[in-house]
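Input: a single structure, listed below in structure tokens.
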Amino acid sequence: MSTQGSPQTRDDSVPTPADVVAPAGDVAGPDDGAPAGPEAPGAAAAPASTPDSSPASSPVSSPAPAPTPLPVEPAGAEEPKGRRRIGVLLVVALLAFLIDFGSKLLVVARLENHSAIKVIGDVVTFQVIRNSGAAFGMGQALTVVFTMIASAVIVVIWRIARRLYSLPWAIALGLLLGGALGNLTDRLFRSPGVFRGHVVDFISVQHFAVFNLADSAIVCGGILVVLLSFRGSNPDGTVHQQADKGERADKGE
């Protein structure tokens with residue numbers, strides 16, 4: 001007895017298991033470099049990576065750091081004004097005060113209760129007069145008021161001095177400060193009492209008035225302030241026209 005498929009009973013019309021062979025392209029042999037075992041599920045669907053998409057072949061360039069912006073000066077900014085002139089103001093004020101104070105001591109000791117001394121004929125003479133009012137004998141009934149005004153002027157001048165860079169302004173304010181201090185000293189320490197003291201005047205100009213050196217310093221300082229203002233000069237060293245241009249530039253005009 002023979003079994004089916006034996007060489008003895010083989011029929012060419014009936015295929016044998018050896019004849020049922022998969023096509024050569026469908027089965028990977030051991031020489032093809034593919035794994036012999038069955039592939040993992042879904043392995044055939046995984047896309048093959050290309051050199052262009054690999055991280056090593058396409059490095060990501062980091063963004064360049066943003067340049068540091070340079071400081072922009074505002075429109076109308078000005079150069080440094082130099083040194084402050086508080087020292088000049090104080091020196092001028094001290095000189096004006098000492099000259100006025102010394103002249104008053106001298107004329108009170110030598111001329112009070114004496115006849116006038118002619119300096120330029122009858123036009124200019126020296127004679128001591130006690131003045132309870134303001135400069136040139138005005139407002140003699142307002143001694144306390146003028147004392148308070150002199151004190152306020154000194155405070156205002158000192159506040160301006162904190163931003164003082166102009167030499168002409170320092171001289172002008174120094175004259176004002178020295179003159180105000182000279183007359184304020186008389187108001188505080190001369191008779192008849194504190195805040196009511198009479199100022200010593202001794203320079204008499206015919207058909208004009210009787211005044212002292214403190215009054216002269218105040219008048220000269222005031223005239224200089226007016227001239228500087230007309231020229232457009234400011235105490236901080238700037239000029240009115242430059243300040244106006246800076247303001248217009250800030251507004252974009």
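Please enumerate the residues belonging to segment 118-128 that are hydrophobic (A, V, I, L, M, F, W, C) and in contact with a helix residue (DSSP H, G or I) (Cβ under 9 Å, 6 or more places away or on another chain). Once the filter is applied, which keeps residues that are hydrophobic (A, V, I, L, M, F, W, C) and in contact with a helix residue (DSSP H, G or I) (Cβ under 9 Å, 6 or more places away or on another chain), segment 118-128 yields PHE126, VAL128. Among residues of segment 147-158 that are aromatic (Phe, Trp, Tyr), those with a Cβ under 8 angstrom from a residue that is open to solvent by less than 40 Å² (accessible area, probe 1.4 Å) and assigned to a helix (DSSP H, G or I), sequence gap 6+ or separate chain, pair up as TRP158/LEU177. Take the residues of segment 150-180 that are among the β-branched types (Val, Ile, Thr) and under 16 Å from LEU228 (Cα atoms): which is surrounded by the fewest Cβ atoms within 10 Å (Cβ to Cβ)? In this case the residue turns out to be ILE160. Of the residues contained in segment 133-141, one or more are found to be within 16 Å of THR185 (Cβ to Cβ), of a type outside the set (Phe, Trp, Tyr), at pLDDT below 90 and assigned to a loop (DSSP other than H, G, I, E, B).
To keep it simple, each residue is scored yes or no on (1) touching a Ser or Thr at 6+ places or on another chain (Cβ under 6 Å); (2) more than 12 Å from GLY222 (Cα to Cα); (3) among the acidic types (Asp, Glu); (4) in a helix (DSSP H, G or I).
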{"site": "VAL155", "(1), (2), (3), (4)": "no, yes, no, yes"}
{"site": "TRP158", "(1), (2), (3), (4)": "no, yes, no, yes"}
{"site": "ARG163", "(1), (2), (3), (4)": "no, yes, no, no"}
{"site": "TRP169", "(1), (2), (3), (4)": "no, no, no, yes"}
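The values are calculated or read from the model by the stated rules, or taken from the named source; none is laboratory data. As the structure is a computational prediction, the values presented were derived from the model and not from experiment. Glycine gets a Cβ as well: all are built from the backbone with ideal geometry, and neighbour counts include every protein chain shown. Note: areas computed on protein heavy atoms with side chains; ligands, DNA, RNA excluded. Shrake-Rupley method; radii C 1.70, N 1.55, O 1.52, S 1.80 Å.
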